[in-house]
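The values are calculated or read from the model by the stated rules, or taken from the named source; none is laboratory data. The shown structure was predicted, so the numbers you read here are calculated from the model rather than taken from an experiment. All Cβ positions, glycine included, derive from the backbone under ideal geometry; neighbour counts span all protein chains shown. Heavy atoms of the whole protein, side chains included, go into the accessibility calculation; ligands, DNA and RNA do not. Shrake-Rupley method; radii C 1.70, N 1.55, O 1.52, S 1.80 Å.
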Amino acid sequence: MKSRYLRAVEEIAQQLLAIARSQGWEIAEDAVLVQPPSEPGHGDLTSNLAFRLARVARRPPQAIAETLAQNWPEHPVADAPEVGGAGFLNFRLKTLWLAAVVDEVLEQGPQYGNSEEGKGRRALLEFVSANPTGPLVVANGRAAAVGDTLARLMEAAGWQVEREYYVNDAGNQIQRLGQAMALRLQELRGQPVAVWPEGVYPGAYVRRLAERWLAEGRPAAAEVEELGRWAAEVLRAEQEEELLRFGVRYDRWFSERGLRESGACEAVLSQLRAAGWLVEEEGAQWFLSTHWGDDKNRVMVKSDGSWTYFVPDAAYHADKLARGYDLLIDLLGPDHHGYLGRLKALVQALGYPEDRLEVRIVQLVRLVRGGEPVRMSKREGEFVTLAELVDEVGVDPARWFFLERAMDTPLDFDLDLAQLRTNENPVYYVQYAAARIKSLLRSAEAPSQTYSAAELVEPEERALLLGLARFPEVVAEAARERAPHYLPRFLTELAGDFHLFYRRHRILNAPGTLAAARLALARAVLVVLERGLGLMGISVPDRM
RNA sequence: GUCCCCGUAGCUCAGUGGACAGAGCGCGGGACUUCUAAUCCCGGCGUCGCAGGUUCGAAUCCUGCCGGGGACACCA
């Protein structure tokens, strides 16, 4: 079902078009723009139609706007618009029409905000996919929050979404993890390692794994490969556990090892070769990705016969493509930026439309404490893990701050701000609004069933009604534009509108049936706050 | 050198074709005998990096330049 807000937009646009036609002004339907005003004071909805008609009508926008306004008939959605600026039409929605949103929200409950935009199409969302060679770090946390909320948003917008984690549990890095294990075991036997080899994971967590290896009664001298495989699985399981604590659950953990063992790598190579996109040159085999716009061709089989990392990755994507989703989304870290071209090329070389795969870059996270960036060095094995961050600030603030910025812009995460329990911290500001409403509901007598939402005419009440009406469209847009950061913005505004309403007006002991109407409004606001925070994976406390 | 992201209020950032450019924080004042003051109200804060161009209209689109960050392996 279409949102009330969207219906208002369409009905006003239709009515405007009809008036224009009656004046003999023809214009393409999609040229009519009805949208929220850039600032309050310009009504609830505004239209620029007069500007668009200026050329056709050969009259100034102001005069056209006057004509359109004067011919506005009695209409259930809005009164005749006011003409503002140089020809904007500012509409005020009818209270009766707007107030009906309260019942709509209360009837739909936790479903309110859903739309059919996705039309049941299937999407596969792959995110985080960190190597199982260490704990998840803060940047992985951002990808986790963004990916998970994007999945929830798309589900709300009518998509079927699967969440997948690609586990790089084979290859070189697992070899190095095995070496690190072997060295730590050597240390535990009392033989210090003089020089730690380049590229072998220096992190102290490997020592913990080595100790566990011994504690579980395994031999101190073991094959590097076996050590690597064992450690990778332990670390992967720990990552899964940490993500669950962070509120992120995957539908599938896809193993690179399994992929390699299935022969998928050979298969994708021969498929590309057969199609003529993989050719031999200077002893190596090159993927002709430049044909599809990549910067340069890419080696897949090195001159020594071994594969580059791109081979299993190509096999993985071929697998995902073959599974028949309508859309694949990869959330990658900024270090994979250079990867985008060859992935897009691969999709097309395998015979799929270019837009079947959508690659999004989730930008870096910089932790800031006391106004200074926290030093992190992966090289030294010193980095802040997701677990440490969550221990310090909690899941709710962590998710909020990760989701607050557009995913493709670098994020400064203010550790001090995230821990403040005051109005400076937007998480609590929104949660507090919800807690206040819950408190209100606890104090309320059994709600009288009869009220008229048309009594809600105060400006503070209208602001809330408008917010409620807009919510489904906010969700749909956030899903469509892959922009989870619309949620915290919207919720902060709605919470602010509620706090203001609450300070200015009595609810429970308002006169007559107004009390019931206001209580219903408050309940509807709570429904939307809960849904919005739920989409962000943030809790809604009963008391604060 | 090529590619990507960013440059908007003191700070952190919204806003990608519409009205005199917005929010939060910070700063200064004020509001609880009444449903949660983790709240609310009032106040100042701008060469939208620079220069051209397109448009009735540009922070937004195009071109060039400047500044910051990142990516550009027969590594993974």
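Annotations for the structure displayed:
- Between the Cα long axis of helix A:224-245 and the first principal axis of chain A there is an angle of about 20°, rounded to the nearest 10.
- Rounded, prolate or oblate (a/c below 1.5 giving rounded, otherwise prolate when a/b exceeds b/c) for the stretch A:133-278 by Cα gyration tensor: oblate
- Pair A:Thr422, A:Arg503: separation of 7 Å Cα→Cβ label points (nm): 1.6
- For the stretch A:326-440, the antiparallel share of DSSP beta bridges with both residues in that region comes to about 25%.
- Using the Cβ-Cβ distance between A:Arg55 and A:Gln111 with R0 set to 45 Å, the FRET efficiency works out to roughly 0.50.
- For A:Ile12, solvent-accessible area (1.4 Å; no DNA, RNA or ligand), Å²: 0
- Around A:Arg163: net Lys/Arg minus Asp/Glu count, Cβ-Cβ under 9 Å: -3
- Long-range amide H partners of A:Leu136 with built H, under 5 Å: A:Leu386
- Projecting the Cα positions of A:Ala479, A:Ser289, A:Pro61 onto the charge dipole of chain A (unit charges on Cβ atoms of Lys, Arg, Asp and Glu, taken about the Cα centre) puts A:Pro61 furthest along the positive direction.
- Under a 5 Å amide H cut-off, with hydrogens placed 1.01 Å from N, A:Val161 pairs with A:Ala123 among residues at least 5 apart or on other chains.
- Karplus-derived 3J(HN,Hα) values for the stretch A:356-373, using 6.51 cos²θ - 1.76 cosθ + 1.60 with θ = phi - 60°, are 5, 10, 10, 10, 10, 9, 9, 6, 5, 10, 10, 7, 10, 9, x, x, 10, x Hz; glycine and proline are entered as x.
- Loop sites by DSSP among the GluC sites (Glu not before Pro) of chain A, restricted to those with at most 13 other Cβ atoms within 10 angstrom, leave A:283-379 as the longest stretch without any of them.
- Local electrostatic count, A:Arg229, Cβ distance below 13 Å [Lys/Arg +1, Asp/Glu -1]: -2
- Under 5 Å, built H, 5+ apart or other chain: amide partners of A:Val299: A:Phe287
- Here the extension length gained between A:Arg249 and A:Leu214 equals 9.5 nm, from 0.36 nm per residue of separation less the Cα-Cα distance.
- Surface composition of chain A: carbon and sulfur atoms hold 49% of the protein heavy-atom accessible area at a 1.4 Å probe.
- Normalised per residue, the accessible area of chain A is 45 Å², obtained with a 1.4 Å probe and no contribution from ligands, DNA or RNA.
- For the stretch A:423-536, the gyration tensor built on C-alpha atoms gives a prolate shape. Its axis ratio a/c (a ≥ b ≥ c) is at least 1.5, and a/b is the larger of a/b and b/c.
- Here A:Ala204 and A:Glu82 are evaluated by their C-beta separation; at R0 = 51 Å the FRET efficiency comes out at 0.15.
- Rough spin-label spacing in nm, given labels placed 7 Å along Cα→Cβ, for A:Ala100 and A:Glu261: 6.0
- Computed about the Cα centre, the dipole magnitude for the stretch A:4-93 is approximately 260 debye when only Lys and Arg (+1) and Asp and Glu (-1) carry charge, each at its Cβ.
- Every helix of 4 or more DSSP H residues in chain A counts as -39500 (n - 2.57), and over all residues that averages to -16000 deg cm²/dmol at 222 nm.
- Three-way shape call for chain A based on the alpha-carbon gyration tensor, with the a/c threshold at 1.5: oblate
- Mean-position separation - Cα centroids, the stretch A:111-165 and the stretch A:346-377, in angstrom: 14
- When the charge dipole of the stretch A:423-536 is built from unit charges on Cβ atoms (+1 for Lys and Arg, -1 for Asp and Glu) and taken about the Cα centre, the candidate among A:Val457, A:Gly467, A:Val527 whose Cα reaches farthest toward its positive end is A:Val527.
- Which listed pairs, of A:Lys2/A:Lys438; A:Lys2/A:Lys119; A:Lys296/A:Lys320, have C-alpha distances above 20 Å, in listed order: A:Lys2/A:Lys438; A:Lys296/A:Lys320
- With K and R counted +1 and D and E -1, the other residues having a Cβ less than 13 Å from that of A:Ala520 yield a net charge of -3.
- Coupling constants for the stretch A:198-206 follow from the phi torsions by the Karplus curve (6.51 cos²θ - 1.76 cosθ + 1.60, θ = phi - 60°), and in residue order they are 4, x, 8, 3, x, x, 5, 5, 5 Hz; glycine and proline get x.
- The DSSP beta bridges internal to chain A are antiparallel in roughly 50% of cases.
- A:Asp391 versus A:Gln62: modelled label distance in nm, points set 7 Å from Cα along the beta carbon direction: 6.8
- Only Lys, Arg, Asp and Glu carry charge here, each on its Cβ (+1 for the first two, -1 for the last two); on that basis chain A has a dipole of about 580 debye about its Cα centre.
- Restricting the stretch A:81-156 to chymotrypsin sites (Phe, Trp or Tyr not before Pro) that sit in a DSSP loop and have at most 14 other Cβ atoms within 10 Å of their own Cβ leaves nothing.
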